[in-house]
Amino acid sequence: MAGKIDKSHTHLLRAVNGDEWELWDFSENRRANFIRRLSTPSEVPGEMVVSLPAEYTITFPTWLATSDRSVIPEILQLQLEKRGLLNRNSGPSAVDYRIIETRENQTLAIATILQPEFPKELAFERVRHFEPSAYTFALPQNRLIIWREQGRLTVAATRGPAPITVQVLGDCELSATAALELKCIAFQLEAQGLCERFVGITLWGEFTVEESECVERHLGLKVTRDAVPPPNLPQVRSKLLPPEVTALHESRRRRRRIRSAIGLLAGVYVFGVIALIGYVFWQNHVADELRRHILTQTPTVTAIQETAERWRQIELAANPRFYPVEVLYQVASVLPHDGLRLTALEMQNGKVTIRGEASTAPATFKFAEDIKAKPELQMYDWQMASPILRPDGRAEFTIEGIPKLAQIN
């Protein structure tokens, strides 16, 4: 019964007799549920396993004279190359190996090879992997099983429950020619020891009574007819994957890596933006806290500033370094021994005016520099105008000192 796609399940696409395909899904208990029929494989709504029709594969069963499983793939590879079924340039996904039985120093192995011409309709990105159609059935033991895939007769020969060989018959109907071809297949498998004696033939699908009787007459085996059973998921996953699909999967992985990188960068960017916004809000919070703290401290700071301003206003009167006698003493301490004398020292509103005369003009400049360099007099900004030269060569000078503190009246 048809149903909706559940992406948590495994989905399988298989060919039927005709141009259509069947879409199945497998629940957690691995029970197959039919969903619907599709006209083309590309209509699948998501990723899935494709049951590969037998006409796109070649099976090669053989007994190998070894029980060492590690060397079996290499031995099979050499035998396939020797028979022209596989060339050296074929990639690892062009062939799959399965071990059917091991006894003493012999191993029965089967190689399944992809046909060189792979159908374009099956080379799409949503294929998870391919499973040869015979491996998607629960096959009856030691029989020839015949069913139709895309209008072609397909036969599988089993050794126990395992398919030893899967082939497409040359005739589209179970005619005498097809029956003879089946007989040759059975004789060849029995002669090579690949199969035990077959116990019967099973026909799956729509076959006439005449077709059944024709096969039974030519092969001498009992024929049973039944409907095509629902698919199974094989226990061992096939490694068959054509190069076209491998390239598509690699392209998808690159896109995913690119999307992951873009997503990571976007995440880092978003995290950075969020962190920046958080930092800005935090700084605004800190600034608000500081503003509130400043507002609470404003009265205290204002009172301190007013007190400091009053102290600055009276410092000229209260600080001994600004006393006229102290200033005169400090100025006199830098007077040279001869060639220069003071004529006046005045203080008005904190401003100091020093007048004097020197034997030469350079001596006045030297005296002014000495006053500026005196540490005890550096609470003033000292300036001197150009000295006035008298006819006798002496120079009169005036040096003014402006206190760096606020002036008072």
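The figures follow:
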| quantity | calculated |
| --- | --- |
| Condition broken by Ser251, with the remaining ones in (1) in contact (Cβ under 8 Å) with a residue 60 or more places away in the chain; (2) loosely packed, with under 11 Cβ neighbours inside 10 Å; (3) among the small types (Gly, Ala, Ser) satisfied | (2) |
| Test: Arg128 is in a strand (DSSP E or B), farther than 20 Å from Leu64 by Cα and at pLDDT below 90 | yes |
| Long-range neighbours under 8 Å by Cβ, at least six apart or interchain, first residue farther than 15 Å from Asp370 by Cβ within segment 335-350, second of a type in the set (Phe, Trp, Tyr) | Gly350/Phe322 |
| Verdict on Leu189 being in a helix (DSSP H, G or I), under 52 Å from the mean Cα position of the chain (by Cα) and assigned by TED's automatic domain parsing to the domain that holds Arg103 | yes |
| Unique residue being exposed (fewer than 12 other Cβ atoms within 10 Å of the Cβ) and either at positive phi or modelled with pLDDT under 90 (or both) when the list is Ile262, Ile274, Ile258, Ile294 | Ile294 |
| Single residue of segment 373-385 satisfying the filter (within 14 Å of Ile399 (Cα to Cα) and surrounded by 16 or more Cβ atoms within 10 Å (Cβ to Cβ)) that is nearest to the chain's Cα centre (by Cα) | Tyr380 |
| Residue count, segment 391-409 (criterion: farther than 18 Å from Asp338 by Cβ and either at pLDDT below 90 or β-branched (Val, Ile, Thr) (or both)) | 11 |
| Hits in segment 193-210 (condition: within 10 Å of Ile145 (Cβ to Cβ) and among the aliphatic types (A, V, I, L, M)) | Ile201, Leu203 |
| Filtered residues of segment 138-156 (kept if outside any strand (DSSP E or B) and under 22 Å from Leu221 (Cα atoms)) | Ala138, Leu139, Pro140, Gln141, Asn142 |
| Strands (runs of 3 or more DSSP E) completely within segment 314-404 that count 3 or more residues being charged (D, E, K, R), on the phi < 0 side of the Ramachandran plot and touching a Gly at 6+ places or on another chain (Cβ under 6 Å) | none |
| Which numbered condition Thr224 misses (of (1) surrounded by fewer than 17 Cβ atoms within 10 Å (Cβ to Cβ); (2) within 28 Å of Phe34 (Cα to Cα); (3) in contact with an Asp or Glu (Cβ under 9 Å, 6 or more places away or on another chain)) | (3) |
| Some residue of segment 137-150 being more than 18 Å from Thr62 (Cα to Cα), out of contact with any Leu (no Cβ under 9 Å at 6 or more places or on another chain) and without any contact (Cβ under 8 Å) to a residue 60 or more places away in the chain | yes |
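Residue-wise test of (1) outside any helix (DSSP H, G or I); (2) in contact with a Gly (Cβ under 6 Å, 6 or more places away or on another chain); (3) among the charged types (D, E, K, R).
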| residue | (1), (2), (3) |
| --- | --- |
| Lys239 | yes, no, yes |
| Arg254 | no, no, yes |
| Phe281 | no, no, no |
| Asp288 | no, no, yes |
| Arg291 | no, no, yes |
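The values are calculated or read from the model by the stated rules, or taken from the named source; none is laboratory data. The structure displayed is predicted, hence computed values, not measured ones. Reconstructed Cβ throughout: ideal geometry from the backbone, glycine too, with neighbour counts over all protein chains shown.
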